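Below is one structure; the comments refer to it alone.
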Amino acid sequence: MDLQRGTVKEITALVLRTCVAKTNPGDYQRLEHEEQYIYIISRHNGIAGVLISDKDYPQRVAFSIVTRLLDDFTEACKGKFSDDTGDNCMPFPPVEQALQRFQDPAEADKITKIQKDLEETKQVLYNTIDAVLARGEKLDDLIEKSDSLSMQSKKFYKTAKKHNQCCVIA
């Protein structure tokens, strides 16, 4: 199992290194492969950030997270980077925290959170409107039954009056 994980990790690192190398400094890039996306930001100072996500993760949020983490990393290192060219040569714990925290795009981006809240509110409104319409249909049924009952009682009254005309009680 470790051999497979190691191999996948090595292949992923190789692919990402190649993608970053082909991204010009100052550029943003999104690559797609089998409904997976790789978001890359390459900075002029020689660092780059990469985020891998599925097709459902919003692009704006992905780039926002990478930008934020690159800014935080640059600030934490005060612009002094290691000469080591290996992967993960300068550990940065906030990456792990971000990985956990931003599984839900709404946590990473206020606009996405607002959109999510609006969608939930719209759904509540749709359900309420459906309930009101259903109640309106029930009221229409009750009105129809009431009208029918009223007509039947008028018929009953007329029929009873007709039958009672033959017998006059004095």
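The values are calculated or read from the model by the stated rules, or taken from the named source; none is laboratory data. What you see is a predicted model, and the numbers here were worked out from it, not measured in a lab. Backbone-built Cβ (ideal geometry, glycine too); neighbour counts: all protein chains shown. Areas reflect the complete protein model, heavy atoms only, side chains present, ligands, DNA and RNA absent. Shrake-Rupley method; radii C 1.70, N 1.55, O 1.52, S 1.80 Å.
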Using a 1.4 angstrom probe on the protein heavy atoms only, could you order L70, L31 from most to least accessible area? L31, L70
Run the numbers for L133 and Y28: contour at 0.36 nm per residue of separation, minus the present Cα-Cα distance, in nm. 32.9 nm
Could you order peptides 94-105, 42-53 by the average number of other Cβ atoms within 10 Å of their residues, highest first? 42-53, 94-105
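Charges at C-beta only: +1 for Lys and Arg, -1 for Asp and Glu. How large is the resulting dipole of the chain about its Cα centre, in Debye rounded to 20? All intermediate terms of the calculation are to be shown ahead of the outcome.
Values: 24 positive and 27 negative charges, 284 e Å.
Computed about the Cα centre, the dipole is about 1360 debye.
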What are the aspartates and glutamates whose alpha-carbon lies under 15 Å from the alpha-carbon of K155, with same-chain residues fewer than 8 places away excluded? D147
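Provide the per residue accessible area, probe 1.4 Å, for the stretch 86-159, rounded to a whole number of square angstrom.
Per-residue accessible area for the stretch 86-159 comes out at 88 Å².
In the chain, what percent of the accessible surface is made up of carbon and sulfur (1.4 Å probe, ligands and nucleic acids excluded)?
C and S atoms contribute 57 percent here.
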Could you state the number of Å between the C-alpha centres of the stretch 120-169 and the stretch 40-81? 66 Å
Over 29 Å (Cα to Cα) among K55/K113; K9/K80; K22/K55; K138/K162 -> K138/K162
Find which of S64, L16, I114 sits farthest along the positive direction of the dipole of the chain, computed with +1 on the beta-carbon of Lys and Arg, -1 on that of Asp and Glu, about the Cα centre. I114
